[in-house]
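A short write-up of the structure that comes next.
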Amino acid sequence: MPLTDYGDKPAVRAKITRMWQAAHDAGRVQVAAVRASDFYGPGVTLAALGEATIGRMSRGKSAQTIGDPNQPHSFTYVPDIARALILVADGGDDVLGQAWHVPNAPDRTVRELLTAFADEFGVNPKIQTLPPWAMSLLGIVNPTVRESKEMLYQWDRPFLVDHSKFAARFWNDPTPFEAGIPATADWYRNR
């Protein structure tokens, strides 16, 4: 998506991007950005696929989500982010001044992924979705919910990340969900 000044969080992200790009272009810093979609993996709790979804499901409770769980979405496995950070850091001068999107396993819906996690835990895939009107009410007193409502556009329609530039320069073998889901479920079971 193009940089935007609409909304608090997107505006801050755009401002930071413009700052590092200008500093790089002026020769003050050598920088590259590694970007990931919504992430998941062992140790991840504060994410869409974190404590409110996977953690609750690991305890036999309903996963709590926002948006439309039937929309396709890109998710990045945290160990793949680490791998990408190292490669971009060692990538040479040709990677500098650019943003690089970490490869993701083929896009799936939140419902498909939570169903796969439920299978790992041996529980029924119960999913509760917080409606936007409830987010507005809760957002009055809860800044995290208020921020999530602002970012709802990522969850009520397809949210697909194009990592083709990264794949052409570095690698394109992201961890498949068939490996990432069991590893993440094991972490939640054993923490």
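With respect to the conditions (1) assigned to a helix (DSSP H, G or I); (2) open to solvent by 60 Å² or more (accessible area, probe 1.4 Å), ALA183 falls short on a single one, namely (2).
Report yes if some residue within region 13-36 is farther than 29 Å from ARG169 by Cα, basic (Lys, Arg) and either assigned to a strand (DSSP E or B) or in contact (Cβ under 8 Å) with a residue 40 or more places away in the chain (or both); otherwise report no. Checked region 13-36: no residue is farther than 29 Å from ARG169 by Cα, basic (Lys, Arg) and either assigned to a strand (DSSP E or B) or in contact (Cβ under 8 Å) with a residue 40 or more places away in the chain (or both).
One line per residue, one yes/no per condition, for (1) in contact with a helix residue (DSSP H, G or I) (Cβ under 6 Å, 6 or more places away or on another chain); (2) hydroxyl-bearing (Ser, Thr, Tyr):
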residue	(1), (2)
PRO10	no, no
ALA33	no, no
ALA52	no, no
ILE86	no, no
ALA89	no, no
ASP93	no, no
GLY97	yes, no
PRO106	no, no
THR109	no, yes
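Scanning region 78-114 for residues that are closer than 21 Å to TYR153 by Cα and either surrounded by fewer than 20 Cβ atoms within 10 Å (Cβ to Cβ) or acidic (Asp, Glu) (or both) yields PRO106, ASP107, ARG108, THR109, ARG111, GLU112. Could you tell me whether any residue of region 5-20 is in contact with a Phe, Trp or Tyr (Cβ under 8 Å, 6 or more places away or on another chain) and open to solvent by 20 Å² or more (accessible area, probe 1.4 Å)? No, there is no match, as no residue in region 5-20 is in contact with a Phe, Trp or Tyr (Cβ under 8 Å, 6 or more places away or on another chain) and open to solvent by 20 Å² or more (accessible area, probe 1.4 Å).
Just a yes or no: is a residue in region 63-82 of a type outside the set (S, T, N, Q), free of Cβ contacts under 8 Å to residues at least 12 places away in the same chain and farther than 21 Å from THR175 by Cβ? Within region 63-82, none of the residues are of a type outside the set (S, T, N, Q), free of Cβ contacts under 8 Å to residues at least 12 places away in the same chain and farther than 21 Å from THR175 by Cβ. Once region 149-171 is narrowed to residues that are farther than 13 Å from PRO69 by Cβ and touching an Asp or Glu at 6+ places or on another chain (Cβ under 7 Å), the residue that is least open to solvent (accessible area, probe 1.4 Å) is GLU150.
Of the residues PHE39, PHE75, which is open to solvent by 20 Å² or more (accessible area, probe 1.4 Å), closer than 29 Å to ALA183 by Cα and either at pLDDT 95 or above or within 20 Å of the chain's Cα centre (by Cα) (or both)?
On the way: PHE75 fails: open to solvent by 20 Å² or more (accessible area, probe 1.4 Å).
Residue meeting the stated conditions: PHE39.
The values are calculated or read from the model by the stated rules, or taken from the named source; none is laboratory data. Just so we're clear, the structure is a prediction, and the values are computed from it rather than from any experiment. With ideal geometry, Cβ positions are generated from the backbone for all residues, glycine too; neighbour counts draw on all protein chains shown. Heavy atoms of the whole protein, side chains included, go into the accessibility calculation; ligands, DNA and RNA do not. Shrake-Rupley method; radii C 1.70, N 1.55, O 1.52, S 1.80 Å.
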